[in-house]
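The values are calculated or read from the model by the stated rules, or taken from the named source; none is laboratory data. None of the values given here were measured: they were computed from a predicted structure. No Cβ is skipped: glycine too gets one built from the backbone with ideal geometry, and neighbour counts run over all protein chains shown.
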Amino acid sequence: MVPLRTEHRMQEIQQMLLEMAGGNFFYRLETSERNDNVEALAIVLNMLAEEIQESFYHQGYVSSKGTTEHLVQMCFLLDGDGIVQMANQKACTILSKLYGNIVRKPFSDLLTDASKTDWVQKWRTLCKKSFYDMAIPLNFLTNDNLVIPNRCHITSIKSEEDGSHNVLITVIHTTTGRTFGKERNRTAINPDSNGKNSQKKVTRPKVKLSYEDIRKIREGQEMILNNLQMDLPNLKDLAHQLGTNEFKLKYGFKELYGTTVFKYLVQERLRKAKTLVQYTQLNFKSIAKMVGFKSVPHFSRAFSEQYGYSPKIFRKKADLGEI
C-alpha cells in the first residue's frame, strides 16, 4: 500500500507535469527533507523547469525574430490590513477557488504555512515604509491543497494625504513564440463535391463557440468540481468571473456537458456523495456538508431520487456486496 504522504507527493508531481505540458515552466515543487526516489524526481523536475525558463529569457535576448511575452498570471490588491480587495480571474482559476472565497479574506489564507511565516515578516517591513517595491518567493495552496510556488512582485504604497495603505501583488508568467489576444475561430465549410451551390439546407448553431469560449467554460466546470461544498454565485457573476457572458456560459455548458450548470453541480455532488457513502463510514450529516447540501433530509431525498435508495440503505447494500 502506497503511504499517504507519497501519494500526495505524486499528485503534486502530476500537477507539475500538467503545468509543464500546458506551457507553464515557472511552476515549482516545494522541496522537503525526504531522501527517496520520489523526492529525487521532484528535484529533477524543478531543475528541468529552471533550465527551460532560463532558455526563454536567453531566446528573447539573442533572437531578433522571437519575442518574449510577460503576462500577469495572478494579481491581488490588498488593503492596509492585508485583506484581499481584488483578484483577477486567472488567479481564481489557478487556485481553483471561487472569487468570493478569495476577496475580503486575509491574503495569508492563500499561502502554505511556511510562506505565511515569510509573509508576516515581509508585511511588517511593508507597513513601515511609505513606498516599497520587492520580489519574494511565496507558495500558494490550491483548493485541493496542492502547492504552487511563485515569485511574487510586491509594490506597497502608503498615501501621504490620508495614510491609507495599499499593496499590489503580481505573479508574472514569461513565455515566447505565441500570439496573444486573438481568438481562434473555426468555421465549418461544407463544399459541394462538384463545385456547385448546394441546395441542401444546413442547420447552424445559434451561437458559435470559439476556442477561447470553450476554454473558459471548461475552467468553469473545473471550478465547480473543486468547490462542490460551496454555493455557486449566480450565473451572471460566475460568467463574469470566467471572463464571458451569461448567455454563452449557459449555451456552451449545455453543448459541452449536456446539462445546465446547476444540474451539473447537483449531479457531481451526488456522485461524490455516493463514493463517500459506499467507501467510508462517515456519518451522513458530515457527507451532506462535504458535498454542499444544507440538511440531511435534503441530501437523503436527492440521493434517493438519483440512486433509488436512501444513503442508509445504499451503504448497507454496499457492505453486503449487493451494489
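What residue, among those in segment 264-281 that are of a type in the set (Val, Ile, Thr) and part of a helix (DSSP H, G or I), is nearest to GLY252 (Cα to Cα)? It comes out as VAL266.
Residues in segment 313-323 that are at pLDDT 90 or above, of a type in the set (Lys, Arg) and over 34 Å from the mean Cα position of the chain (by Cα): LYS316 alone. In segment 245-267, the residues that are surrounded by 17 or more Cβ atoms within 10 Å (Cβ to Cβ) form Cβ pairs under 8 Å with partners that are small (Gly, Ala, Ser), at six or more places apart or across chains, as follows: LYS248/ALA239; LEU249/GLY220; LEU249/ALA239; PHE253/GLY220; VAL261/GLY220; LEU265/GLY292; VAL266/ALA302. Of everything in segment 285-311 that is surrounded by fewer than 12 Cβ atoms within 10 Å (Cβ to Cβ) and among the charged types (D, E, K, R), the residue that is farthest from the chain's Cα centre (by Cα) is GLU305. Of the strands (runs of 3 or more DSSP E) entirely within segment 32-149, those holding at least 1 residues that are of a type in the set (S, T, N, Q) and modelled with pLDDT under 85 occupy 68-78.
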